[in-house]
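Only the coordinates and a few stated rules stand behind these numbers; no lab work does. Keep in mind it's a predicted model, so treat the numbers as computed, not measured. Cβ sites come from the backbone with ideal geometry, for glycine too, and all protein chains shown count toward neighbours.
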Amino acid sequence: MDRWIGKIAVVTGASSGIGAAIAKQLVKNGMIVVGMARREEKIKDIAETLAEKGKLYAVKADVSQEKDVVEAFQWVKNNLKTVNVLINCAGIGRYYPLTGEGKAEHLQQLLNVNALGLTNCTTQALKLMKETGVDDGHIIHLNSVVGHNILTFTGHYIHTAIKHGVTVLTEGLRRELVLEKSKIKVTSISPGLVNTEMVDDFKTPGMEDSLDGMPMLEPKDIADGVIYVLGTPPHVQIQELTIRPVGEQF
């Protein structure tokens, strides 16, 4: 991680859960971190608890809104000049059965945050990297094991489909960067069940009790995976990293 000391990382969804854990670990390793989230005050609270060699900035942004994303990366450009690492952590779960009982607003939220938000943040980060001559950066998408499997979770197949899309977006971006002869790395990290606020999003009809007693990871487990991925030598690219709790059945 020494080569990243003093470099700029943007972490979306940094106000809680996996995003917050990753932001903390990056600061601990000497990076300058911009945490983006709707709940800006929570990131500021986290920043006040850190006494590490790096630094954490809080920027208010709803990644489901393209205007917010553009303005957030403009803040990065104006204040920190560039970005070296982007970690797309922002994500939600919503109940949307395919049998006609789902709410249209839930479908739109899933698409706007988990697909369009990730894509817009990636586009803006790459634009800034290219403008400032960063050709050894790293883009990490927080995917999921459901991005590689179809699970029998009624009402969550849209979420699963979008995560499959993240798998394709990650590999597609890697291939496009290869064609450009870029040295920017791209990684998908796919956790199993993680003990975060998002677990409550899956406690939907028919699943209220099914998550009880299931083995879970902690957010720091995923943050440790990010540190491993970033710590690889420049010629090594971890394309996919799957992290599961021991005993996970799906």
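By the beta-carbon count within 10 Å of each Cβ, the least crowded to most crowded order of Trp75, Trp4, fewest first, is Trp75, Trp4. Placing unit charges on the Cβ atoms of the charged side chains and taking the dipole of the stretch 2-243 about its Cα centre, the candidate lying farthest along the positive direction among Asn78, Ser64, Val11 is Asn78. Loop-located GluC sites (Glu not before Pro) across the stretch 74-166 with a Cβ neighbour count of 10 or fewer within 10 Å are Glu101, with loop assigned by DSSP. On a 0 to 90° scale, report how tilted helix 118-131 is relative to the longest principal axis of the chain, with both axes built from alpha carbons and the result rounded to the nearest 10. Between helix and principal axis, roughly 10 degrees.
Placing unit charges on the Cβ atoms only, positive for Lys and Arg and negative for Asp and Glu, gives the stretch 2-243 a dipole magnitude near 900 debye about its Cα centre. Listed cross-link partners Lys7/Lys60; Lys181/Lys220; Lys103/Lys163; Lys55/Lys81; Lys42/Lys130; Lys44/Lys183 are compared with a 23 Å cut-off, the Cα-Cα value being larger for Lys181/Lys220; Lys42/Lys130; Lys44/Lys183. Treating each Cα of the stretch 70-116 as one equal point scatterer and applying the Debye formula with no solvent, the log10 of I(q)/I(0) at q = 0.28, 0.29, 0.30, 0.32 Å⁻¹ comes out as -1.01, -1.04, -1.07, -1.12.
Under a Gaussian network description of the chain, with springs only between Cα atoms under 10 Å, the residue in Thr187, Thr154, Thr119 that fluctuates furthest is Thr154. When the Cα positions of Leu128, Gly172, Pro219 are compared along the charge dipole of the stretch 2-243, Leu128 comes out farthest toward the positive end, with charges on each C-beta of Lys, Arg, Asp and Glu. If you look at the Cα atoms of the chain, you get an Rg and a Dmax of 17.4, 52 Å. Placing R0 at 41 angstrom, the Cβ-Cβ distance between Glu40 and Gln239 gives a FRET efficiency of 0.80 after rounding to 0.05.
Expressed as an acute angle from 0 to 90° and rounded to the nearest 10, what is the orientation of the C-alpha long axis of helix 157-179 relative to the principal long axis of the chain? Rounded to the nearest ten degrees, it is 30. Applying the Karplus relation 6.51 cos²θ - 1.76 cosθ + 1.60 with θ = phi - 60° to the stretch 107-115 yields 3J(HN,Hα) values of 4, 5, 4, 4, 5, 5, 7, 7, 10 Hz, where x marks Gly and Pro.
Taking amide hydrogens as placed 1.01 Å from N in the peptide plane, the amide H of Leu193 sits under 5 Å from those of Leu217, each at least 5 positions away in sequence or on another chain. By the rule of a C-alpha distance below 16 Å, with chain neighbours fewer than 8 residues away ignored, the lysines paired with Lys67 are Lys77, Lys127.
Helix 40-49 and the longest principal axis of the C-alpha atoms of the chain enclose an angle of approximately 60°. For Arg3, the shell of other residues with beta-carbons less than 13 Å away shows a net charge of +1, using +1 for Lys and Arg and -1 for Asp and Glu. Distance distribution P(r), the stretch 107-234, all Cα-Cα pairs, bin width 5 angstrom from 0: 2, 9, 17, 21, 20, 14, 9, 5, 3, 1, 0 percent. Listed by chain and number, the aspartates and glutamates whose alpha-carbon sits under 17 Å from that of Lys28, ignoring those within fewer than 8 places in the same chain, are Asp2, Asp45, Glu48, Glu52, Asp221, Asp224.
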